[in-house]
Amino acid sequence: MPLGDVRAMLAAARRRRRAVGSFNVFNLETIEAVLGAATVRRSPAIIAFTERLAEDFDLETLALVVRHRAAGLDVPIGLHLDHGQSEAGVLRALRAGFTSVMYDGAGIPYEEKVRRTRAIADMAHGFSAAVEAELGHVPRGGRQGEVLADPDLVADFVQRTGVDVVAVAIGSVHGLKAGEARLDFNRLRAIRRETDAHLSLHGSSGIADSGLRRGIREGITKISYFTAASRAASLAMRATWPAGRSVPPYAVLSVAARRAFQARIEERLMVYAGGRRRRSRSTED
């Protein structure tokens, strides 16, 4: 089917008290892993690509690949620009056919962030694309730089920017191991009371499954995930190439990585649909 309308995907998930997984990719193997997982689980999924990777993997090529592959599937697939840093980068993604874009705006004053986000939202809506923006700041690798979302600003932010999805900083951190992050559910409930916009959670690799399921019950409808799947792929390649052994063919390493990446995505899709994983894992989620 054609690339999916992310707003419609999130609305359907909300009605079913589920969340849609947004999975970062950076090459053909990771794209195929996400699409394969969505097909196996018969679940909607969002393929996400960060603007900073555009120097190494062409946005236009990625959009063509995803559009071509999604056309042959019977599950909705969205294409999302994650953590867009500039108006030019967002516009490039929209012209390439992305169905959703996020403007990061980290570190700039609130009023300036509102102004820039509004301009990007108007532009993206002209392409019929969904728009996401972050309220607060989800840090990477630790608490330094964390700014939790202020519930008192949510209604103002959504009304003045026109965004469809708000990425809320409520205690998650990019790059942590499962169970290391603790979500502020009181803050999440307060935010939910202030807006009907869809709520997005970043940094989910560090959150235990129980926390994710509770977050979905409290109103999260979009969950971003990458770190643990990336680590699983790297570990699979290392297991395929034991120390001291001859160099395996690159194709063998690539297939091992893709299968491990896909297995993690399948697990996430099960959790986001309200289920439980088939088995425990020794590495982080």
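The values are calculated or read from the model by the stated rules, or taken from the named source; none is laboratory data. Fair warning: this is a prediction, and the values are worked out from it, not measured in the lab. Here the Cβ positions follow ideal geometry from the backbone for every residue, glycine too, while neighbour counts run over all protein chains shown. These area figures cover heavy atoms from the full protein model, side chains too; ligands, DNA and RNA do not enter into them. Shrake-Rupley method; radii C 1.70, N 1.55, O 1.52, S 1.80 Å.
Every residue in region 232-242 that is closer than 18 Å to Gly36 by Cα and either acidic (Asp, Glu) or surrounded by fewer than 20 Cβ atoms within 10 Å (Cβ to Cβ) (or both), please. Hit for region 232-242 is Ala236, nothing else. Residues that are within 15 Å of Thr99 (Cβ to Cβ) and in a loop (DSSP other than H, G, I, E, B) were ranked within region 1-24; the one that is least open to solvent (accessible area, probe 1.4 Å) is Gly4. In region 84-94, is there at least one residue being open to solvent by 10 Å² or more (accessible area, probe 1.4 Å), touching a helix residue (DSSP H, G or I) at 6+ places or on another chain (Cβ under 8 Å), outside any helix (DSSP H, G or I) and of a type outside the set (Val, Ile, Thr)? Yes: region 84-94 contains one or more residues that are open to solvent by 10 Å² or more (accessible area, probe 1.4 Å), touching a helix residue (DSSP H, G or I) at 6+ places or on another chain (Cβ under 8 Å), outside any helix (DSSP H, G or I) and of a type outside the set (Val, Ile, Thr).
Every residue, every condition in (1) more than 14 Å from the chain's Cα centre (by Cα); (2) at negative phi; (3) at pLDDT below 95, yes or no:
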residue: Arg15; (1), (2), (3): yes, yes, no
residue: Ala19; (1), (2), (3): no, yes, no
residue: Ser22; (1), (2), (3): no, yes, no
residue: Leu28; (1), (2), (3): yes, yes, yes
residue: Thr50; (1), (2), (3): no, yes, yes
residue: Ala70; (1), (2), (3): yes, yes, no
residue: Leu73; (1), (2), (3): yes, yes, no
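Within region 207-223, one or more residues are without any contact (Cβ under 8 Å) to a residue 60 or more places away in the chain, part of a loop (DSSP other than H, G, I, E, B), open to solvent by 20 Å² or more (accessible area, probe 1.4 Å) and of a type outside the set (A, V, I, L, M, F, W, C).
Only one entry of Val6, Val75 meets the criterion of being touching a His at 6+ places or on another chain (Cβ under 7 Å), of a type outside the set (D, E, K, R) and farther than 24 Å from Ala256 by Cα, and that entry is Val6. In region 118-136, the residues that are farther than 16 Å from Arg160 by Cβ and open to solvent by 10 Å² or more (accessible area, probe 1.4 Å) form Cβ pairs under 6 Å with partners that are modelled with pLDDT under 95 and among the aliphatic types (A, V, I, L, M), at six or more places apart or across chains, as follows: Gly136/Val147; Gly136/Leu148; Gly136/Ala149; Gly136/Ala169.
Tell me the residue from Arg268, Arg245 that is in a helix (DSSP H, G or I) and either surrounded by fewer than 23 Cβ atoms within 10 Å (Cβ to Cβ) or not aliphatic (A, V, I, L, M) (or both), please.
Values: Arg245 fails: in a helix (DSSP H, G or I).
Arg268 is the lone residue from the list that is in a helix (DSSP H, G or I) and either surrounded by fewer than 23 Cβ atoms within 10 Å (Cβ to Cβ) or not aliphatic (A, V, I, L, M) (or both).
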